[in-house]
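Q: Below is one structure. I have some questions about it.
A short reminder: the numbers here are calculations on the coordinates, not readings from a lab. Since the structure is predicted, the reported quantities are computational estimates derived from the model, not experimental observations. Every residue, glycine as well, gets a Cβ built from its backbone with ideal geometry; the counts of neighbours run over all protein chains shown.
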Amino acid sequence: MAGRQVQIADVTDEAAQDAALRALAAGRLVVVPTETVYGLAADATRDDAVLKIYEAKDRPRFNPLIAHCSDLAMAERFGVFDDRARRLARAFWPGPLTLVVPRRPGCGISELVTAGHSTIALRIPGLDPVRRLIARLDRPLAAPSANRSGRISPTTAEAAASEVGDRVALVLDGGPCGVGVESTIVACLDDSAVLLRPGGVPRGAIEEALGENLRRPEQVTDDESPRAPGMLSSHYAPRAKVRLHAAGPAEGEAYLAFGQTPAGARPGFTRNLSASGDLREAAINLFAHLRALDATGAPTIAVAPVPDQGLGEAINDRLRRAAAPR
Ligand code: TXA
Ligand code: MG
């Protein structure tokens, strides 16, 4: 797919880290692994670098991006944390949680990262070598998922390379993502905590850490802001159509199972998110299995019902978007 073969290098390799640092410092793009999905990263303080993210993804509009920080001290240089935000940061960082907080005035973040809003989305990713890279750059990395706009998020270096490999200086390889769905996004803005996107930290864990329930975002339509690609109705979309809540495949369909694989599912056209019904395993497998079933060329991927508890909320959110009309 890529015109030239992009270099894929082990993220723990010192020479690869040095090369990534040089590329980022020069305003170029680098694919970085995270525990959730692979990210398409640029120096978040440079307009010219962040603009390349939008171009590389073919993002139609300027949707705000997450600024990935090395530690809480860096995050507090760019955002203003209230008690709730600090409590969540302490409980879940580094990890698959993104906090939307007021942007610190004059912090130097590119306006293309915040898309003109007075708020900023911050996260400290889980992988040590990536946090070290950010600490050495001494600036946050803006990084959306490393897929073309609207498509399936990559959970391996190879999948990321096939999406954006022709548009980046280097792909850093951290192995398959250990969480597999994007971070949970929580806004801590005005004396409340609002769940903007379900993700790798289940709602219940956040509510337990806060000692209060998360609020739901006001109904956000596709034309309002602040907006999230996560809130666009069609997203994470394979080429195939997606049919949800399917007890089994119809004639010609590929099948994404959860739990027991039904009789009649054709080998080669069937993947199981988790044969034992484990939602953590299902989240890890979700995007890779969707990619694999899409590659079979079947016109439709039928998907088994997945329980809506715990990580199931994030999985079902992604599946609904994959199935949404385009
Ligand atoms: O796990 C993840 O979060 C991955 C990895 C790479 O870190 N990143 C990711 O980025 O999913 P992206 O760009 O696909 O999603 C970022 C989400 C979008 O839904 C965006 O609208 C929302 O964060 N967002 C960013 N800034 C925001 C803000 N100020 N207010 C509300 N939402 C914001
Ligand atoms: Mg994405």
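Q: With a 10 Å radius around each residue's Cβ, average the other Cβ atoms per peptide and rank 137-143, 32-38, 104-110, highest first.
A: Working: 137-143: 23.4, 32-38: 27.6, 104-110: 14.4.
Result, highest mean first: 32-38, 137-143, 104-110.
Q: To check my understanding: the extent here is largest minus smallest coordinate of the Cα atoms along each principal axis. What are those three numbers for segment 1-92, in Å, largest first?
A: 49, 35, 24
Q: Still on this structure, I have one more. Exactly which trypsin sites (Lys or Arg not before Pro) in segment 1-85 are in a DSSP loop and have at most 11 other Cβ atoms within 10 Å?
A: On the way: sites: 4, 22, 28, 46, 52, 57, 61, 77, 84; in loops: 4, 28, 46, 61.
The qualifying sites are 4, 61.
Q: Within the set of other residues whose C-beta is less than 13 Å from the C-beta of residue 89, count the net charge using Lys and Arg as +1 and Asp and Glu as -1.
A: Details: positive: 84, 86, 87, 90, 123; negative: 71, 76, 82, 83.
Residues close to residue 89 contribute a combined charge of +1.
Q: Also, quick follow-up: Compute the Kirkwood hydrodynamic radius of segment 241-323, taking the inverse of the mean of 1/r over all pairs of distinct Cα atoms, and give it in Å to one decimal.
A: One decimal place: 12.3 Å for the Kirkwood radius.
Q: Using square roots of five times the C-alpha gyration tensor eigenvalues, list the equivalent-ellipsoid semi-axes of the chain in whole Å, biggest first. Intermediate results must be reported in sequence, preceding the final value.
A: Numbers: eigenvalues 189, 113, 60 Å².
Taking √(5λ) for each Cα gyration eigenvalue gives 31, 24, 17 Å.
Q: Return the Rg/Rh ratio of segment 53-130 with Cα-based radii and a Kirkwood Rh.
A: Details: Rg = 12.7 Å, Rh = 13.0 Å.
My calculation of the ratio gives 0.98.
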